[in-house]
Amino acid sequence: MMLYINVFPSGAKGTFEPMVMLHGWGFDSRAMAPLARALQPWTDVWLVDLPGFGRSAAPLRWSCEQLLQQLADALPKRCQLLGWSLGGNLATLFSQRYPERVSRLITLGSNACFVVKPGWPTAMAAEVNRQFNADFGARPAATAKRFVALVATGSPQPQERLKQLRQLHSDGELDRQRLLSWRAALDYLAVNDNRAPLQQLHCPVLHVLAEQDALVPVNTASALTALNANHQVITIAKAGHAMHLDQPDTVAQAISQFCAGKSNTADTAVNMCHQQLDKRHIARSFSRAATTYESVARLQRAVGEQLLATVVAPASRVLDLGSGTGMFSSGLRRATGADYHCALDLAEGMLRYGRSHNPEPDAWLCADAESLPLADSSMDLVFSSLAIQWCENLAALFSELYRVLAPAGRLHIATLGPGTLNELHSAWQQVDQYTHVNRFVPSQSLFAAACAAGFVPSSQQVVVETLYSPSLIALSRELKGLGAHNVNRGRRLGLTGRTRLQLLQNAYEQHRQPRGLPASYEVVYLTADKPASCV
């Protein structure tokens, strides 16, 4: 059975292998044409209609295995492979199955697991997926139109994008065989798990996510990075699931840089956003909480004391990174015998409060840990308790820490991992799919980034601490008092209605234990040294 393929020839002379694009569910190759035109100047682009979509015939029985074989028969001997949504999932499997055929893999709005699975919470809720699939079986045309509206959600021009997507929607003649193919593709997405294939890939891989995607949560970025640290993951700001239609130039630029072997960075494209954390919001939130912070900092106090106990060697120059109000200043001075003690934090309000209540530090600096205003080799020890979870560019963070530490300097870090507040995250998932709970980087990524920067770990530990609150309101007040409530991009803006709060409370009550409502915190401890002899 032949696949329909539309080739956009390039005027460029064979610098790159052809770029093959696979579309998402409910659409066909026409949805990829704008991106193809943007990339056409430097390579040939092949647009494929998947079986049962667009101008490719519907098979008697749709199966992933058969589809991969059809692609193997139809595609160039070697290509760059790009897939959007369902297409990204299939492109990943093809790259694993035929590694010699794929020089680079790019996925757009694609997830390792489209539906939530054990160990993979950043995906569509299983009940939402089951209901959608059932609705499609009963009312296919109406449900497909609703899907198109979801794809348009998050676009900066939602009405314009909805109109465009409706025109690109691959409804055609939805005869019985096509309907069976569409439903089989949905069933496949519900059960498929691409975590192992992604871990096994050796070719360069770029995952492109959208900040306001209604189908693939933007906070899957850190989870994808954890699967394979060699993969690049970027987020396109002000874009929905159809990011290549919302921000075609930005997406094309990111892809061309990736294919040219360049790293995508925030300065290369104004609209490209690596971080799902809003740093300005973080600073404002913690500044507002300065006066209440220490009174509700149960976990912060316990973790800081535990980290302080690991500081056993003297150090002349000490940096308290993410010092907050300076809660551990006196203990840090005692433990190190420091001659110079610098407190640094992102939140000016925290520093202002600390300076007026704590005379211990010699200097108070307001700065971002990913860009430290300190001289090279100016510190002998860096102490950071529950602060660097607000950093997402781990390479920049550890590069800066390595730079400011003197040879033989030591790093003591406590931070939070992705299991933090999993009860609250689970409860919110039963209410909606917005980002309500801060999601943090896995410990493996943290340790890998430290080693990549040149640090030699001497101690690594992950501990789950559980605190209990009498009610959801009490927990919410504690988080607000800490300044640690939701600061992610992609969070739901505006007020939360009474009905939604009641739904959340009912969902959270399912976790209640005799001591109260649990709130789990995955605490990651790392002690590492900068070698005494550094090149």
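No value in this document is a laboratory result; all are computed from the given coordinates. Worth saying up front: this structure is predicted, and the values here are computed from it rather than measured. Methodologically, a virtual Cβ is constructed for each residue, glycine included, from the backbone with ideal geometry; neighbour enumeration extends over all protein chains shown.
At 0.36 nm per residue, minus the direct Cα-Cα distance, what do residue 377 and residue 511 gain on full extension? Give it in nm, one decimal, please. List each step's numbers first, then the result.
Values: separation 134, 0.36 × 134 = 48.24 nm, distance 4.80 nm.
Here the segment from residue 377 to residue 511 would lengthen by 43.4 nm.
How tilted is helix 140-152 with respect to the longest principal axis of the chain? Cα atoms for both, answer in degrees (0 to 90, nearest 10).
The angle comes out at about 40 degrees.
Calculate the tail of P(r) for the stretch 100-192: the fraction of all Cα-Cα distances greater than 18 Å, expressed in %.
On the way: 2460 of 4278 pairs.
Of all Cα-Cα pairs in the stretch 100-192, 58 percent lie more than 18 Å apart.
With θ set to phi - 60° and the Karplus curve 6.51 cos²θ - 1.76 cosθ + 1.60, what are the ³J(HN,Hα) couplings of the stretch 161-166 in order, to the nearest whole Hz, using x for Gly and Pro?
After applying 6.51 cos²θ - 1.76 cosθ + 1.60, I find 5, 4, 4, 5, 5, 4 Hz.
Please give, to one decimal in nm, the separation of the simple spin-label points placed at residue 444 and residue 280, each 7 Å out from Cα toward the Cβ.
That separation, rounded to one decimal, is 3.6 nm.
Run the dipole for the chain about the Cα centre, Lys and Arg Cβ at +1, Asp and Glu Cβ at -1, nothing else charged, and hand back the magnitude in debye, nearest 20.
Working: 48 positive and 42 negative charges, 200 e Å.
Dipole about the Cα centre, nearest 20: 960 debye.
Taking every Cα atom in the stretch 5-268, find the radius of gyration and the maximum pairwise distance Dmax, and write them in Å.
In Å, with Rg to one decimal and Dmax whole: 17.0, 51.
Restricting to Cα pairs below 8 Å that are 6+ residues apart, what does the relative contact order work out to for the chain? Please round to a whole percent.
On the way: 1105 pairs, mean separation 62.9, N = 535.
This gives 12 percent for the chain.
Across the stretch 59-134, what fraction of all alpha-carbon pairs, as a whole percent, falls in each successive 5 Å bin from zero upward?
Reading upward from the zero bin: 3, 14, 20, 21, 18, 12, 8, 3, 0.
Label residue 529 and residue 135 with points 7 Å out from Cα along Cα→Cβ: what is the distance between them in nm?
That separation, rounded to one decimal, is 6.0 nm.
To the nearest 10 degrees, how steeply does helix 248-259 sit against the main Cα axis of the chain, on a 0 to 90 scale?
Tilt relative to the chain: about 80 degrees.
Which whole-Hz ³J(HN,Hα) couplings does the stretch 59-72 yield from phi under the Karplus relation 6.51 cos²θ - 1.76 cosθ + 1.60, θ = phi - 60°, glycine and proline marked x?
Whole-Hz 3J(HN,Hα) from phi for the stretch 59-72: x, 5, 9, 7, 8, 5, 4, 5, 5, 4, 5, 4, 5, 4.
Mind ordering 397-405, 348-356 by average Cβ neighbours within 10 Å, highest first? Could the numbers behind the result be given before it?
Working: 397-405: 22.3, 348-356: 19.1.
Highest to lowest by the protection proxy: 397-405, 348-356.
Along the charge dipole of the chain, Cβ charges K/R +1 and D/E -1, which of 417, 343, 150 sits furthest on the positive end?
Positive-end residue among those listed: 150.
Bins of 20 Å, beginning at zero and ending with the bin holding the largest distance: percent of Cα pairs per bin for the chain, please.
With a bin width of 20 Å, the distribution comes to 21, 49, 26, 4.
So, in nm, how far is label residue 200 from label residue 100 when the simple model puts each one 7 Å beyond its Cα toward the Cβ?
1.7 nm
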